[in-house]
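Novice: Before I ask anything, here is the structure I am working with.
Read the figures in this text as sums done on the coordinates, not as results from a lab. This structure is a prediction, so every number in the text was calculated from the model and none was measured. Cβ placement follows ideal geometry from the backbone for every residue including glycine, while neighbour counts extend to all protein chains displayed.
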Amino acid sequence: MSSPSKTARFGAGFASAFAALCAGAVAMGASPIFVRFASPEVGPFASAFWRVALALPVLYLWMRIEEAKAPADAPKVSFTKATVLAGLAFTGDLFFWHLSILNTTVANATFFATTAPLFVILIVWLFLKQRVSRGTLVGLALCLAGGAALIGQSLQVDPSRLRGDLYGIFTAFFFGLYFLTIGKARKTAGAARVTFEAGIVTSACLLVIALLFDSRVMPHTWQSIAALTSLAFISQAGGIGLLAVALGRLPPVFSSLVIFLEAIAAALFGWVILGEALTLIQSLGGALILFGIWAARPKPQAPASK
């Protein structure tokens, strides 16, 4: 059995990391609203670029503060392979996410994007040859069922939107890669440095993509500027930054399940901001997601017997 002190330390560390993960998921869940507000003036790739680029000064300040408080011997390895790969994976994620938002319904885009845990588990199992626990599989099944119930009434099967739905699936794949690479990068650097350096890679790639494929790159009205700034500060610096904090303490497979909270956040934002009704089925779907996350939670490891 685990000692009381070890269990207490695990519980305290899990609680703080889980709180960061939940807050990050909610912050990321607001991104479709900001993208829609900015879309009349800037293209999908430009809005993705501004999301990351405008957050860089905030992330840099956070990195300086975090490293000033860290012990002198704390790891500060810059631009590791894992960090660069995370930046490239997030480029793919935002590339397809913003296309999905503008080519299908917000409900469809959110649902397909939140299937990222499927790809995380497949990569971990098939390519990394790691065992996936029964609790994780049960949690995934519950979260998928809950996600379908939560936004299933808003999902639309429309041939004209199939391309946008496909973009949502690609979003999930690249976001799954981002979870795994950020988790790897956090082993040698702090959350702020990893998020900042991956953001540099992502913003550089997205700038090239925006200049090549978008005819509208610069915002001109206060509404678009405010939407892009909110997208950068809330969804990027806040959401992605908190995700990196959590991935330094929690397994990527479990952390990816918490991204289903984006579906709950999207439903709540639609209720509060857009006046959309919340049905009993949607409420039950949200409860299933929460129960699935609880079922998949990591357990403290018992010390090996002597």
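Novice: If I stretch the segment between His220 and Ile169 completely, what's the gain in nm (0.36 nm per residue apart, minus their alpha carbon distance), one decimal?
Specialist: Here the segment from His220 to Ile169 would lengthen by 15.2 nm.
Novice: Once you order the gyration tensor axes a ≥ b ≥ c over the Cα atoms, which shape class does the range 122-235 get: rounded for a/c under 1.5, otherwise prolate or oblate by comparing a/b with b/c?
Specialist: Cα axes put the range 122-235 in the oblate bin.
Novice: Follow-up. Over the chain, calculate the relative contact order: mean separation of alpha carbon pairs under 8 Å at least 6 apart, over the residue count, as a percent.
Specialist: Relative contact order here is 41 percent.
Novice: May I pose another question? Rounded to the nearest 0.05, what FRET efficiency is calculated for Leu128 and Arg36 with R0 set to 45 Å and r the Cβ-Cβ distance?
Specialist: 0.80
Novice: Per-residue ellipticity at 222 nm for the chain, helices alone: DSSP H runs ≥ 4 residues times -39500 (n - 2.57), over residue total, nearest 500 deg cm²/dmol?
Specialist: Only helices count here, giving -22500 deg cm²/dmol.
Novice: Add +1 for every Lys or Arg and -1 for every Asp or Glu among the other residues with Cβ under 15 Å from the Cβ of Ala89, and state the total.
Specialist: Neighbourhood net charge equals +1.
Novice: A further question on this structure: The range 203-235 to the range 126-140: how many Å between their Cα centroids?
Specialist: 37
Novice: Please list, in order along the range 88-98, the HN-Hα scalar couplings obtained from phi with the Karplus expression 6.51 cos²θ - 1.76 cosθ + 1.60 (θ = phi - 60°), rounded to whole Hz, x for Gly and Pro.
Specialist: Coupling constants for the range 88-98: 5, 5, 6, 4, x, 4, 5, 3, 7, 4, 5 Hz.
Novice: Quick one: among Leu206, Leu21, Leu102, which has the greatest mean-square fluctuation in a GNM of the chain with alpha-carbon springs under 10 angstrom?
Specialist: Leu102
Novice: How much net charge surrounds Ser78 when only the other residues with a Cβ under 9 Å from the Cβ of Ser78 are counted, with Lys and Arg +1 and Asp and Glu -1?
Specialist: +1
Novice: Rounded, prolate or oblate: which fits the chain, taking a ≥ b ≥ c as square roots of the Cα gyration tensor eigenvalues, rounded meaning a/c under 1.5, else prolate when a/b beats b/c?
Specialist: Here the chain falls in the oblate category.
Novice: Report the gain in length on full extension from Ala19 to Trp294: 0.36 nm times residue separation, minus Cα-Cα distance, nm rounded to one decimal.
Specialist: Between Ala19 and Trp294, full extension yields an extra 97.7 nm.
Novice: Per-residue HN-Hα couplings for the range 189-202, Karplus 6.51 cos²θ - 1.76 cosθ + 1.60 at θ = phi - 60°, whole Hz, x for Gly and Pro?
Specialist: Using θ = phi - 60°, the values come out as 7, x, 4, 5, 5, 4, 5, 5, 5, 5, x, 4, 4, 5 Hz.
Novice: What is the sum of charges, Lys and Arg at +1 and Asp and Glu at -1, for the other residues whose Cβ falls under 10 Å from the Cβ of Arg186?
Specialist: +4
Novice: Between Leu140, Leu61, Leu88, where does the largest GNM mean-square fluctuation fall for the chain, given springs only between Cα atoms within less than 10 Å?
Specialist: For the chain, modelled as a Gaussian network with Cα springs under 10 Å, the answer is Leu61.
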